[in-house]
Amino acid sequence: MFKTVKRISPILILMSLLIWAEAAAAGVVVITNKATKTDSLDAGQVRSIFLQKTKRFPDGSVAIVADQSSKSPVRREFNKKVLKKSSKKLKRYWSKLVFSGKGVQPKVIGDDSAMKEWVSKTPNSLGYISEESLDDSVKVLYKP
């Protein structure tokens, strides 16, 4: 008469939600000030500039780089997709660079909104935001 209903494991539900949330998350885009002469960068150029292996855009102008807060999910996505480094590896990378005097960590800007505002007001700036926060106040140079 009555059908038996099996109980779904809370862990299974949580795992499903996490997978769904990951899939639904918008991508990250690398942005610059609209006045910057460079119109696009490839993945290697973005990595080189953010990791301070080069400090200039392809047109020769100096790039001013900023990171989002270390707790930002957009930063984690950027590190993973673009820089191809975990937070732990990046921390070691910056420690070595700063200690040797060969570099300075990028300025930290809070979140997407703050990054867009800073980039829109800073010539030759380079930052990143989630694609869903993109508007016409900034120019996209790279999208993974």
Can you tell me which condition residue 62 does not meet? The list is (1) modelled with pLDDT of 95 or more; (2) within 17 Å of the chain's Cα centre (by Cα), and all the others hold.
(2)
Would you confirm whether any residue within region 135-142 is surrounded by 18 or more Cβ atoms within 10 Å (Cβ to Cβ) and at pLDDT below 95?
no
Residue, surrounded by the most Cβ atoms within 10 Å (Cβ to Cβ), within region 80-105, restricted to residues that are over 21 Å from residue 143 (Cα atoms) and hydroxyl-bearing (Ser, Thr, Tyr):
93
Would you mind stating whether residue 95 is over 15 Å from the mean Cα position of the chain (by Cα) and among the small types (Gly, Ala, Ser)?
yes
Residue 68 vs (1) in contact with an Asp or Glu (Cβ under 7 Å, 6 or more places away or on another chain); (2) modelled with pLDDT under 95: all pass except (2)
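The values are calculated or read from the model by the stated rules, or taken from the named source; none is laboratory data. Predicted model only: the values in this text are computed from it and were never measured. Virtual Cβ from ideal backbone geometry, glycine too; neighbours counted across all protein chains shown.
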